[in-house]
Amino acid sequence: MSMSLPTSKASAMNSCYNPQASSSLHTCKNLMFRKEIDKKNCYSRKLKYRTVCLIPPPEDDDQPDNELLQSGKDIIYRVRIYRPFPYTHSKHTVRHSLLMSEIVVLGQQPLWVLRDHIYCLNDISTGIDVSENPDVVPSTSPKELFPSSFMFINNVFYVDERKGCSDITLELRGWAAARNMGTFPVHSMDVKLEDVKIRLGHPDVYVHLGDCEHPFTFSEARLAHPRDPLRRVFPFVSQVGLSQVNYCSICSEHSTKWVVKRCDMVPFDPTHFCDTCFRLYLYKDGKKVCPFKAYAYKGNEMSVLKPRQ
């Protein structure tokens, strides 16, 4: 059976299919009607997974140190990680979760392996004002300064206990106990994924940097079969949610490199600048022309580059 995958450039409908042979069916009538009115490909633009980029699995590594998977014995998990979004009790949030990436991981691997393959913009962004000297951007990332994190899976806390990390669930568990919400078990992320009790499709949460929360779900848990990569190339990223590139607010041609706040010379707060407009518009002879704050922006790097394997 021939198939046509939905894309943003071509319609999702199969042009080889002629519904006139079964024109009495309601679905065929709708298909013919959509072909007549959908001249601008509006249907494919509304597809749920239109902005998801599929990444093929890595090739098998033939190094002798890599052990072969055992078909029908080893367990493979698919985990869908979603982007964090702000939430306040005073204002109801209606935005649905947006897919950030999908990770394929083995059941014999520890939980911190999954944690290390979750890439977030907040891990590399620096909230430090560098307007006085934009050539000196801090090289230390927030992930290096605040490595502590935990996962809350099926009412159980899994804390990263590696070197430099601390248990950031103490205050949260104390808050829950003070309100008679019960006590929650605490385990280390050294536990193997196959020993973690999960619920497929149930929303869990990954927390890092103190208050950056990522919802995630286990979408699949199955035994390995011969069509899987037999060498231990796991974990790897199988899907990435495509992000829209932010362009400069001044020239609208180059991608954003700087975010400027509290500046009286621009009509927006904050304002996105490319590197050229930033230096020509806000600096003269290397000095600021007015008071403002500037922050390095690395969001376009996350949207263009694929996650590291």
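What aspartates and glutamates sit close enough to Lys29 to cross-link, taking a C-alpha to C-alpha distance under 19 Å and skipping anything fewer than 8 places away on the same chain?
Within reach: Asp38.
Out of the trypsin sites (Lys or Arg not before Pro) in the stretch 197-253, which ones are loop residues according to DSSP with at most 15 other C-beta atoms within 10 Å? Provide the component values of the computation, followed by the final result.
Values: sites: Lys197, Arg199, Arg222, Arg227, Arg231, Arg232; in loops: Lys197, Arg199, Arg227, Arg232.
Passing sites in the stretch 197-253 are Lys197, Arg199, Arg227.
Considering only Cα-Cα distances, which of the following residue pairs are longer than 27 Å: Lys163/Lys293; Lys143/Lys192; Lys143/Lys287; Lys261/Lys287?
From Lys163/Lys293; Lys143/Lys192; Lys143/Lys287; Lys261/Lys287, over 27 Å: Lys163/Lys293; Lys143/Lys287.
Report the rotationally averaged projected area of the stretch 94-202 based on its alpha-carbon convex hull, in square nanometres.
It is 10.2 nm².
For the stretch 140-291, what's the relative contact order in percent, using C-alpha pairs closer than 8 Å and at least 6 residues apart?
Over the stretch 140-291, the number comes to 15 percent.
Since every read-out is calculated from the coordinates, none of them should be taken as a lab result. Bear in mind that the values here come from a model prediction, so they are computed numbers and not experimental data. Note that we place each Cβ from the backbone using ideal geometry, even for glycine, and neighbour counts take in every protein chain shown.
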